[in-house]
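Trainee: The structure's right below; bear with me while I get my questions together.
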Amino acid sequence: MYWLMALVCAVLLGGAVTLWLIGERGHLVLPSTRRVWKDAGFLPWFQLRLWHFYFYGRWPRLYIGFLIHHGFRWVSGLGDRGRRWLADRYHGKVLTSELARKLIVMEHPIQRRDLERVLPYRTARQLIVQTPLEVVVYECPCRLSRTVHCQPTQVCMIAGQPFADLVLEHHPHTSRRLSRDEALALLQAEHERGHVHIAWFKNACLDRFFAICNCCSCCCGGIDAMLHYGIPMVTSSGFVALVDAQKCRACGKCESVCPFAAVHVSEHAEVDAARCQGCGICVSRCGTGALSLRRDATRGAPLDVELLT
């Protein structure tokens, strides 16, 4: 596996030099790529992470497919240090449906660099969002990397610049810009399908928030990495589900829809707080009002844009 990683690094480095030469001499690098370089504020050909981001944005299905089928298993084999190393550089924050909608409809720009209470990681603690928030939707690389996958596939929402333009320019036939109403409708439709809204942070993406994905436990690479390989790539919303046993009819709906296998039903529903990520899917499915979300101070603060402005 080490030789494979060395080969990937060599290809990325060679591609970096080649693309720089072509871009400077032949003007074949797209404007969105140049803007990423400019926003980074450094000479991009000396930054492997920027070429890492370029590879990620240009060939997301290949990138994510490698992680799902090989990378997570390899990182897990490195032990706790390896798992933490990956999560520190690429992770997501679960959003309740309400918080996801707030991100889309916010009226004030946000630039916060002190998110230690929100994200328990050394890197990618910045939330920089322009208004109005530009949103582009494109094909989910996690779903397309699976032989059998959930539908629909055009559900990954790239948020803000320069990421939105980069996806549009490099994937013109499989991406499109969304209006605010279209973005809200997509969030609602995915919530009703039982999929989880996750805000993703990646240090290769200028160390900040860049996407809202609508994730299912059967396809999502991040959820898969957490549940099956112990890689903490998905962090709690800051809430946990609470059961009112007096109202619960033990119908089992909550257990069947929980993406994190945190709810079990016997005489009444029971929530494994350690596994619950506070997405609220179970709450929306409960017909008797037996489930609710409560703040859990041990799970970090919610990504609440109204509190962050």
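Trainee: Within the chain, which DSSP H helices have Cα atoms that stretch 30 Å or more along the helix axis and a mean Kyte-Doolittle hydropathy of at least -1.0?
Mentor: Span-like helices, by this rule, are 2-26.
Trainee: How about residue 102: which aspartates and glutamates have a C-alpha closer than 15 Å to its C-alpha, ignoring those fewer than 8 places off in the same chain?
Mentor: 134, 181, 182, 304, 306
Trainee: Of the peptides 90-99, 255-264, how do they stack up when ordered by the mean number of other Cβ atoms within 10 Å, highest first?
Mentor: Result, highest mean Cβ count within 10 Å first: 90-99, 255-264.
Trainee: Let me ask another. Counting each pair of different Cα atoms once, what's the Kirkwood radius of region 46-174 in Å, rounded to one decimal?
Mentor: The answer is 16.6 Å.
Trainee: Take the alpha carbon atoms of region 143-169, find their center, do the same for region 51-99, and report the distance between the two centers in whole angstrom.
Mentor: Distance between centres, Cα-based: 15 Å.
Trainee: I want to check the label-to-label distance for residue 59 and residue 149. Put each point 7 Å from Cα in the C-beta direction and report it in nm to one decimal.
Mentor: Result for the modelled spin labels: 1.6 nm.
Trainee: So for the chain, taking the charge dipole from beta-carbon charges (+1 Lys/Arg, -1 Asp/Glu), which of 55, 183, 135 sits furthest toward the positive end?
Mentor: Of 55, 183, 135, it is 55.
Trainee: Moving on to the next point. What is the gain in length, in nm to one decimal, between residue 176 and residue 189 on full extension, counting 0.36 nm per residue of separation less the C-alpha to C-alpha distance?
Mentor: Result: 2.9 nm gained on full extension.
Trainee: In addition: With a cut-off of 8 Å between alpha carbons and a minimum separation of six or more residues, what is the relative contact order of the chain in percent?
Mentor: Working: 559 pairs, mean separation 61.8, N = 309.
Dividing the mean separation by the residue count of the chain yields 20 percent.
Trainee: Of 223, 71, 281, which is farthest towards the positive pole of the chain's charge dipole, taken about the Cα centre with +1 and -1 on the beta-carbons of Lys, Arg and Asp, Glu respectively?
Mentor: The Cα lying farthest towards the positive end belongs to 71.
Trainee: A follow-up question, please. What does the charge dipole of region 239-299 about its Cα centre add up to, to the nearest 20 debye, if the Cβ of each Lys and Arg holds +1 and the Cβ of each Asp and Glu holds -1?
Mentor: 200
Trainee: Could you tell me the distance between the Cα centroids of region 267-291 and region 221-238, to the nearest Å?
Mentor: 18
Trainee: Give me the one-decimal nm value for the distance between modelled label points at residue 131 and residue 246, 7 Å along each residue's Cα-to-Cβ direction.
Mentor: Result: 4.2 nm between the two label points.
Read the figures in this text as sums done on the coordinates, not as results from a lab. As the structure is a prediction and not an experimental result, all values here were calculated from the model. Please note: Cβ atoms are built from the backbone with ideal geometry, for glycine as well, and neighbour counts cover all protein chains shown.
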